[in-house]
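Heads up, the thing below is written out as structure tokens.
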Amino acid sequence: MSRSRSFGIAAIFAASTSVGFAQSWNQPWYVTSAEGWGPGVVESRVDDCFPTKLRKMAVVDDFRATGRPVKRVVWWGTVLSREQLQYPFLIAFYKEVPESCKPNLEKVIYQCVPARASLAGYDCNKRRIWKFVADLPFWFVGAEGEKHWIQISEIDTRSWRVGYSDFRWAFHLRSPNYSSWNTCAALGFDPALNLFNITDPCTKEARDMAFQLFP
């Protein structure tokens with residue numbers, strides 16, 4: 001990739017991560033290679049507007065609450081077609097099973113919301129990565145320091161092509177500059193609610209997911 005294109009993508013990233021006020025949690029997607037690409041993506045899809053009703057798999061990642069309400073969620077991912085950008089997403093919050101690095105999938109707060117999208121860059125497979133911004137109609141509040149998990153998923157019955165993975169959530173590469181450090185890598189879960197490890201297809205390593213939380 002040319003230097004000019006790499007600089008252009010870096011500029012897109014700088015603009016895409018600036019929201020204007022301090023994050024409660026900060027794990028953005030950003031360009032990580034000299035060639036100008038960033039981390040890859042993984043499927044996260046539910047059948048309808050319900051967090052644990054899914055056809056194949058969904059993805060969750062952990063964070064620590066600050067005691068302030070979460071009013072806005074930002075995340076990164078790819079879509080199969082631009083038409084998918086007009087459809088809503090499911091955002092769910094779970095409590096953690098104490099000292100386990102696992103969410104309690106039986107205790108969930110969730111809502112289905114529209115999102116605004118803007119281009120952020122490309123992953124290692126040259127897929128466009130989009131930045132999504134959603135304002136929550138029902139704010140999430142967790143006790144300061146308490147561990148929770150977040151799920152962001154495509155809603156299959158409200159998507160561009162029912163029965164296909166039209167959205168994939170992007171991974172985050174930990175960095176001292178851009179990370180709210182946590183202790184657990186992201187996990188997938190299947191229709192039987194079995195949790196399993198997932199890996200970034202660009203690096204073949206376990207990663208966090210790319211998202212930010214704002215008060």
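If you take every residue apart from L136 with its C-beta less than 15 Å away from the C-beta of L136, what net charge results, scoring Lys and Arg +1 and Asp and Glu -1? The partial results should precede the final answer.
Numbers: positive: R68, K71, R72, R116; negative: D135.
Neighbourhood net charge equals +3.
Rounded to a whole number, what % of the accessible area of the chain do carbon and sulfur atoms account for, probe 1.4 Å?
Details: 5080 of 9800 Å².
Summing carbon and sulfur atoms, their accessible area is 52 percent of the total for the chain.
Only helices enter this figure: runs of n ≥ 4 DSSP H residues, each worth -39500 (n - 2.57), summed and divided by the residues of the chain, yield -2000 deg cm²/dmol at 222 nm to the nearest 500.
Given a Förster distance of 30 angstrom, what is the FRET efficiency for Q86 paired with V108, based on the Cβ-Cβ distance and rounded to 0.05?
Working: r = 26 Å, r/R0 = 0.86.
Working from the Cβ atoms, E equals 0.70.
Normalised per residue, the accessible area of the chain is 46 Å², obtained with a 1.4 Å probe and no contribution from ligands, DNA or RNA. Taking 35 Å as R0, compute the FRET efficiency from the Cβ-Cβ separation of W139 and K204 and round it to 0.05. My answer for the efficiency is 0.40. Placing +1 on the Cβ of every Lys and Arg and -1 on the Cβ of every Asp and Glu, with no other charges, gives segment 86-188 a dipole of roughly 440 debye about its Cα centre. For the listed residue pairs K95/K126; K102/K126; K95/K204; K131/K204; K53/K107, the alpha carbons are over 25 angstrom apart in K95/K126; K102/K126; K95/K204. The relative contact order of the chain comes to 34 percent, based on Cα pairs under 8 Å that sit 6 or more residues apart. Applying D = kT/(6 pi eta Rh) to the chain, where Rh is the Kirkwood radius over alpha-carbon pairs, T corresponds to 37 °C and eta to 0.692 mPa s, the Stokes-Einstein value obtained is 192 µm²/s. For the pair V162 and N197, the difference between a 0.36 nm per residue extended length and the Cα-Cα distance amounts to 10.0 nm.
The values are calculated or read from the model by the stated rules, or taken from the named source; none is laboratory data. All of these numbers come straight from a predicted model, not from anything done at the bench. Neighbour counts are summed over all protein chains in view; Cβ atoms, including those assigned to glycine, are modelled from backbone coordinates with ideal geometry. For accessibility, only protein heavy atoms count, side chains too; no ligands or nucleic acids. Shrake-Rupley method; radii C 1.70, N 1.55, O 1.52, S 1.80 Å.
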